[in-house]
Amino acid sequence: MKKELTDICEYLNNYFWRTKRNVKLTISNNTFTVDFLQQGQYFRIVGSLFNDGVHQYPATDLADEEFEGSIWSMAVPQTIIDLSAKIKEWRDKNEAADSDMLSPFNSESFGNYSYSKGSSATGGTTNPNSWQSVFSAQLAPYRRLRNIP
């Protein structure tokens, strides 16, 4: 779910951040300890070579390193956490190597076989079969403009 939550927050331009701390952090044995994150709280690492992204505290899946960067404490709404599980399920099914969704073709036919993917009603460039399009109505209330905290 870490990847989905990171992707969702990036797409929304909303990391639901509460505080940002600049830190010199040592990650050892795949984890670290700080006094400002609560058990189960989501946080974002920025400025790391190996661990940038959204994690849940205490994270035990981090690569060992020492870096100077930021940790953003987050208050992710439960609806986004629930939605990230649905998006992961959708992506696992529809972005698999054998999925028709990954075909570079919008339509194809030969012999007695043909298929067409869905298309955008507005004629835009957004892929109507992407997770962003499929879940756009549920994600819309959380979207933020760029460069606004």
**Prompt:** Looking at residue 120, is it under 22 Å from residue 90 (Cα atoms), modelled with pLDDT of 75 or more and not aromatic (Phe, Trp, Tyr)?
**Reply:** no
**Asked** Which of the residues that make up segment 49-73 are more than 12 Å from residue 39 (Cα to Cα) and aliphatic (A, V, I, L, M)?
**Response** 49, 54, 62, 63, 71
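Among the residues of segment 57-81 satisfying the criterion of being hydroxyl-bearing (Ser, Thr, Tyr) and more than 23 Å from residue 135 (Cα to Cα), which is modelled with the lowest pLDDT?
Filtering first and then ranking leaves 60.
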**Asked** Of everything in segment 37-71 that's surrounded by fewer than 19 Cβ atoms within 10 Å (Cβ to Cβ) and aromatic (Phe, Trp, Tyr), which residue is nearest to residue 19 (Cα to Cα)?
**Response** 67
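Picking from 46, 54, which residue would you name as being among the aliphatic types (A, V, I, L, M), in contact with a Leu (Cβ under 7 Å, 6 or more places away or on another chain), at pLDDT 80 or above and in the same structural domain as residue 21 (by TED's automatic domain parsing)? Quick ask: steps written out before the conclusion?
Details: 46 fails: in contact with a Leu (Cβ under 7 Å, 6 or more places away or on another chain).
When all the criteria are applied, what remains is 54.
Pull up segment 1-36, narrow it to residues that are β-branched (Val, Ile, Thr) and farther than 18 Å from residue 142 by Cα, then point me to the one that is surrounded by the most Cβ atoms within 10 Å (Cβ to Cβ).
Step one: filter segment 1-36 for residues β-branched (Val, Ile, Thr), giving 6, 8, 19, 23, 26-27, 31, 33-34.
Subset that is farther than 18 Å from residue 142 by Cα: 19, 23, 26-27, 31, 33-34.
Numbers: 19: 12, 23: 16, 26: 11, 27: 18, 31: 13, 33: 10, 34: 13.
The extreme case among them is 27.
The values are calculated or read from the model by the stated rules, or taken from the named source; none is laboratory data. What you are looking at is a predicted structure, and each value in this text was computed from that prediction instead of being measured. Note: ideal-geometry Cβ built from the backbone for every residue, glycine included; neighbour counts use all protein chains shown.
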